[in-house]
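Reviewing the structure listed below.
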Amino acid sequence: MSTSGTHATDASSAPLHIRPMGSHALLIELAGLAEAQAFHAELLRRCAAGVLPGIRDIVPAARTVLVDGLADPQSIAAEVRTWRIPPLTADEGPLIEIPVRYDGPDLAEVAGLWGMSPDRVPHTLGALELRVAFCGFAPGFGYLSGLPAALHLPRRATPRTAVPAGSVALAGEYAGVYPRSSPGGWQLVGTTDAVLWDPRREPAALLAPGTRVRFTEEAGR
Amino acid sequence: MSTENTAEAPEGPAALDVVRPGALTTVQDAGRPGHAHLGVPRSGALDPPAHRLANRLVGNPPETAVLETTLDGVTVRVRARTPVTVAVTGAPAPVRVDGRPAPWGAPVRVPDGALLDIGRPTAGLRAYVAFAGGVCAEAVLGSRSTDLLSGLGPAPLAPGAVLPLGRAHAVPPAPDSVPWQAPPAELVLPLLLGPRHDWFTADALRTLASSGYRVSPSANRIGLRTEGPVLTRARHDELPSEGMVWGAVQVPPDGLPVVFLADHPVTGGYPVIGVVPEDRLPAAAQAVPGTLIRFDVRRPVRY
């Protein structure tokens, strides 16, 4: 028996809409974030197996996956339609633990919106296994999915002009960590010393799409 | 031989001293394709054929880093033990070595200590200046390109900055002629509809096909902003961010189309009405503000 919950992640039966994006790319639109992640994982599996040559960029996003640099989008489009896409399994992708000091300026406000005391926030976040759904905004900024609906938050009404590098932040259905100082409107709950972006490292981004993330609590200083 | 304003030949490798950076001069090569999934823009020369040709004229591999100037050229002093071969392509512009006229679109030997000046183009916007051996700014993710959106790569040129040059290869015979297409009075950009043309009214699609737009003065390496009639949306809900490509024509809330160029964001949350093919983007990058643009709208491919 499938509950509505498991049904929503069964991407194999989900409709897939292929939209044109110029003459060398396809924008593949899925029903939702879970389906987009499952499709992206399947695309990476097939690329790794060497059965999809000639793709330059694969850009996952919230509801879509962009496939760019195609010599023949028509044939890739026809092939994609034949795929059966299994839902994501919980242990897919590497797991990274990010130590967090819960010293963010919005911690009390977030706790209030969640209906708990601030000292419960580390445990609430730390109990979740999040997953990098996609990157954007800045090099190495990963949008972490996996927050239950009850923990979704609005952005701040007024964005900050400078959010420090390493800020652990929440907005909408996502969590994220600012790889460098930049303007931002997300709610800041803590700080990490983890290096999110290092161009001399391979890969340069700590949080590449498909990476699983767990926030662990580090003692305050 | 060295010129009179050089006290002694430099000991180190060849380099450029920036004297006048112009409105905007950056180091550019073929950019960083393949890193979009990490949030890294593609970047690279906006006029790739001009970039490759400049390198060919000085005997460099085609993807070697060069200088890309904007609007009013650049002035650098060359420091080298032996003369450096230089070539200027892209927008045709006056080239001077220590004040003496030198050819555009051909290899030029620049001796140690000489001042190389590229002036304001007579047509077009961006000139490409290749140096034998290449501009050796530090590479990030395999590219020396300056990315103005994300800040990756070397900083734009500033007065007093020093850029090292690499070791030169043998200079091949120069081609007899350099192909160059003068920018037309009207920039016609084919536009393949999709992926989000259905977010616009039928009126908006007619307006796009039948009206002229002009290149905005705020156009830059991120996008060719335009001025003209507003495109009205049929849907007003929020579009979740999705992947973007070079040439994507995004329509922000002001309703004016923006043709994304090399430093475009990897994802965007405004609908893309259509895409300009890559082979027309060099012409788009050479269009000066005020140039008339006509979009030649083509039906979307059905998959």
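The values are calculated or read from the model by the stated rules, or taken from the named source; none is laboratory data. As the structure is a prediction and not an experimental result, all values here were calculated from the model. Using ideal geometry, Cβ is built from the backbone for each residue, glycine included, and neighbour counts are taken over all protein chains shown. All accessible areas refer to the heavy atoms of the entire protein, side chains included, with ligands and DNA or RNA removed. Shrake-Rupley method; radii C 1.70, N 1.55, O 1.52, S 1.80 Å.
Brief remarks on what is shown
- Between 0 and 90 degrees, the angle of helix B:48-58 with respect to the longest Cα principal axis of chain B falls at about 10 degrees.
- Candidates per trypsin sites (Lys or Arg not before Pro) in region B:145-227, loop by DSSP, up to 10 other Cβ within 10 Å: B:167
- Along each principal axis, taking the top coordinate minus the bottom one, the Cα set of region A:4-80 gives 40, 26, 20 Å in descending order.
- Sequence-separation-based contact order of chain A, relative, with Cα cut under 8 Å and 6+ spacing, percent: 21
- Loop-exposed GluC sites (Glu not before Pro) per DSSP, neighbour cap 12 Cβ within 10 angstrom, longest uninterrupted part of chain B: B:12-137
- Simple label model, 7 Å out from Cα along Cβ direction - residue A:79 to residue A:31, nm: 2.6
- Positive contributions from Lys and Arg (+1) and negative ones from Asp and Glu (-1), summed over other residues with Cβ under 12 Å from the Cβ of residue B:209, come out at +2.
- Close amide H contacts of residue B:248 (hydrogens built in the peptide plane, cut-off under 5 Å, sequence separation of 5 or more or a different chain): B:260, B:276.
- Against the rule of thumb 2.2 N^0.38 Å, how large the Cα Rg of region A:95-217 comes out: 0.97
- Using C-alpha pairs under 8 Å with a sequence gap of at least 6, the mean separation divided by the residue count of region A:96-212 gives a relative contact order of 32 percent.
- Whole-percent carbon and sulfur share, accessible surface of the protein assembly as shown, 1.4 Å: 55
- For the Cα trace of chain B, dividing Rg by the Kirkwood Rh returns an Rg/Rh value of 1.02.
- Distance in nm between pseudo-label sites at residue A:193 and residue A:96 (7 Å out along the Cβ direction from Cα): 1.7
- Histogram of C-alpha separations across chain A, 5 Å bin width, %: 1, 7, 13, 18, 17, 15, 12, 9, 5, 2, 1, 0
- Placing +1 on each Lys and Arg Cβ and -1 on each Asp and Glu Cβ, with no other charges, gives region A:142-221 a dipole about its Cα centre of roughly 180 debye.
- What separates the Cα centres of region B:210-241 and region B:42-103 is a distance of 32 Å.
- Convex hull of the protein assembly as shown built on C-alpha atoms - directionally averaged projected area, nm²: 27.8
- The distance between label points at residue A:162 and residue A:202 comes to 3.6 nm (points 7 Å beyond Cα on the Cα→Cβ vector).
- Summed residue charge, Cβ within 9 Å of residue B:262's Cβ, Lys/Arg positive, Asp/Glu negative: 0
- The local environment of residue A:105, defined by Cβ-Cβ distances under 13 Å, has a net charge of 0 under the rule Lys, Arg +1 and Asp, Glu -1.
- At least 27 Å along the helix axis (C-alpha) and Kyte average at least 0.5, DSSP helices within chain A: none
- Evaluated at q = 0.12, 0.13, 0.16, 0.20 Å⁻¹, the base-10 log of the normalised Debye intensity for region B:111-202, with identical point scatterers placed on the Cα atoms, takes the values -0.72, -0.82, -1.07, -1.26.
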